[in-house]
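I have placed the structure first, in the form of C-alpha cells, so that the comments after it can refer back to it.
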Amino acid sequence: MGHYIQVEENVKIHVEDIGSGQPVVFLHGWPLNNKAFEYQTSLLAKNGFRYIGVDMRGYGKSDKPWSGYDYDTMAKDLEAVVNELRLEQFVLAGFSMGGPIAIRYLTKFGQDNVAKLLLMGAAAPIFTQRDDFNVGMKPEEVDDIIAQIEKDRPAFLAEFADLFFEQKHSPQFLDWFQSLALEAGAHSTLNSAAALRDEDLRGELSSITVPTAIFHGKKDQICPYELGEILDKEIPNSVLVPFKDSGHGINADEPERFNNELLNFLKSSGV
C-alpha cells in the first residue's frame, strides 16, 4: 500500500509499504525514486520482510518543494516516516545519494532503533574531491552536470544511463530508467546535485555502531569503488561486498547475486 506522510507544513512524502515482518527501509539514489528497487520488493515480501520504499522529497510521488534538499532535512523527513509508521528495529538501506542520507539519519537521530545498515554504491563519505580527498568527481564536474540539466535534462539523463550501468540492458529497460528520473522535479534534481557536491560526512563514520554491509560495484563510474573501501575502513562493524561485474547500478547489473547477498545480510545475525 502507499502512504502519504506529512513531514512539514505543505510537504508530504510518498512511501510504498509492502509485505510484513522486519521492515527494510530503502532510500533511493539521485535522481530516481523507490521504484528503482522494484526487483527487490517482491523478493523481500516473499521472504518475510516488509519493504518500505521512500520517495524522498522532490522525487517520485512525493511533494517537490523548492527547498530542503540538504542531508539534514532529508534525514529529518526520514525520521518523520519512521515515527509515523512506528518502525522498530528496521534495516536502513541507502543507495547512492540515499547512502549519505542514511548515515546522517543515524548520526543525527540515533541508532537504537536501527538493526542494520546497508550502503549500496553510496555517495559517501564525500561525493566530490577536496584538497585532502582525491576520490570521486571534481566539484566543477558536478557544476557541469548542473549546467547540462538546466540546458536539456532528458538528454543528460539518457547519457547518465550509459554511466550508470556496466552491463548491457535492453532499450526498454533504459527507457524505464530514464522515466524514473524524469518523475523528479527539475529543481529537486539540481538542488540535490548541489548537496552531493558540497556535503561532507567524514567526521560521522566512526560513530556508526550497527552492523553494516557495503555493496559496491568494482566498475562504478559514478561513486568509485574506493569510496566503498573508505567506508569499510572507517565504519567499525562493517563488511565490504564487491560486485566485480557491476557499475553503479548493482541491483540491475548483477541482480541474482545482489538479491542473494541482500537476503544473506538481512537474515544474518551480524555482518
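The values are calculated or read from the model by the stated rules, or taken from the named source; none is laboratory data. Quick caveat, the model's predicted, so the values are computed rather than measured. Positions of Cβ are generated from backbone atoms using ideal geometry, with glycine treated the same way; all protein chains shown enter the neighbour counts. Remember, those area values only see protein heavy atoms, side chains included, never the ligands or the DNA or RNA. Shrake-Rupley method; radii C 1.70, N 1.55, O 1.52, S 1.80 Å.
One residue stands out in region 214-226 among those that are out of contact with any helix residue (DSSP H, G or I) (no Cβ under 9 Å at 6 or more places or on another chain) and surrounded by 18 or more Cβ atoms within 10 Å (Cβ to Cβ): the one that is nearest to Gly270 (Cα to Cα), namely Tyr225. Out of Lys12, Lys64, Lys35, one residue alone is out of contact with any helix residue (DSSP H, G or I) (no Cβ under 6 Å at 6 or more places or on another chain) and either aromatic (Phe, Trp, Tyr) or touching a residue at least 12 places away in the same chain (Cβ under 8 Å) (or both). It is Lys12. The lone criterion from (1) open to solvent by 60 Å² or more (accessible area, probe 1.4 Å); (2) assigned to a loop (DSSP other than H, G, I, E, B); (3) modelled with pLDDT under 95 left unmet by Asp162 is number (2). The set of residues in region 108-126 being buried (at least 16 other Cβ atoms within 10 Å of the Cβ) and either out of contact with any helix residue (DSSP H, G or I) (no Cβ under 9 Å at 6 or more places or on another chain) or part of a helix (DSSP H, G or I) (or both) consists of Phe109, Ala115.
Of the residues that make up region 131-147, is at least one outside any helix (DSSP H, G or I), among the small types (Gly, Ala, Ser), open to solvent by less than 10 Å² (accessible area, probe 1.4 Å) and closer than 22 Å to Ile250 by Cα? Step through it out loud before you land on a result.
Going through region 131-147, the residues outside any helix (DSSP H, G or I) turn out to be 131-138.
With among the small types (Gly, Ala, Ser) added as a condition, the list becomes 136.
Then drop every residue that is not open to solvent by less than 10 Å² (accessible area, probe 1.4 Å), which leaves none.
Taking every residue of region 131-147 in turn, none turns out to be outside any helix (DSSP H, G or I), among the small types (Gly, Ala, Ser), open to solvent by less than 10 Å² (accessible area, probe 1.4 Å) and closer than 22 Å to Ile250 by Cα.
Of all the residues in region 178-213, those that are open to solvent by 30 Å² or more (accessible area, probe 1.4 Å), touching a Pro at 6+ places or on another chain (Cβ under 8 Å) and farther than 19 Å from Ile126 by Cβ number 3.
The criterion of at least 1 residues that are closer than 25 Å to Lys116 by Cα and among the β-branched types (Val, Ile, Thr) is met by the following helices (runs of 4 or more DSSP H) wholly inside region 177-271: 225-234, 250-253. Looking at region 52-60, is at least one residue part of a strand (DSSP E or B), open to solvent by less than 20 Å² (accessible area, probe 1.4 Å) and of a type in the set (Ser, Thr, Tyr)? Within region 52-60, none of the residues are part of a strand (DSSP E or B), open to solvent by less than 20 Å² (accessible area, probe 1.4 Å) and of a type in the set (Ser, Thr, Tyr).
All conditions in (1) open to solvent by 10 Å² or more (accessible area, probe 1.4 Å); (2) more than 24 Å from Phe109 (Cβ to Cβ) hold for Gly270, with the sole exception of (2).
Taken over region 2-35, residues that are modelled with pLDDT of 95 or more, open to solvent by 10 Å² or more (accessible area, probe 1.4 Å) and small (Gly, Ala, Ser) amount to 3. For region 61-78, taking the residues that are over 26 Å from Ile214 (Cβ atoms) and of a type outside the set (D, E, K, R), the one that is surrounded by the most Cβ atoms within 10 Å (Cβ to Cβ) is identified as Ser62. Applying a threshold of 9 Å to beta carbon distances and a minimum spacing of six or more residues, or different chains, the list of pairs starting in region 106-123 at a residue that is farther than 17 Å from Phe95 by Cα and without any contact (Cβ under 8 Å) to a residue 40 or more places away in the chain and ending at one that is open to solvent by 30 Å² or more (accessible area, probe 1.4 Å) and outside any loop (DSSP other than H, G, I, E, B) reads Lys108/Asp72; Lys108/Lys76; Lys108/Glu79; Lys108/Glu204; Phe109/Lys76; Phe109/Glu79. Filtering region 79-104 to residues that are more than 16 Å from the chain's Cα centre (by Cα), of a type outside the set (Asp, Glu) and open to solvent by 10 Å² or more (accessible area, probe 1.4 Å) leaves Ala80, Asn83, Leu85, Arg86, Gln89. The condition (being touching a Phe, Trp or Tyr at 6+ places or on another chain (Cβ under 9 Å) and free of Cβ contacts under 8 Å to residues at least 60 places away in the same chain) is satisfied by just one residue among Arg197, Arg257: Arg257.
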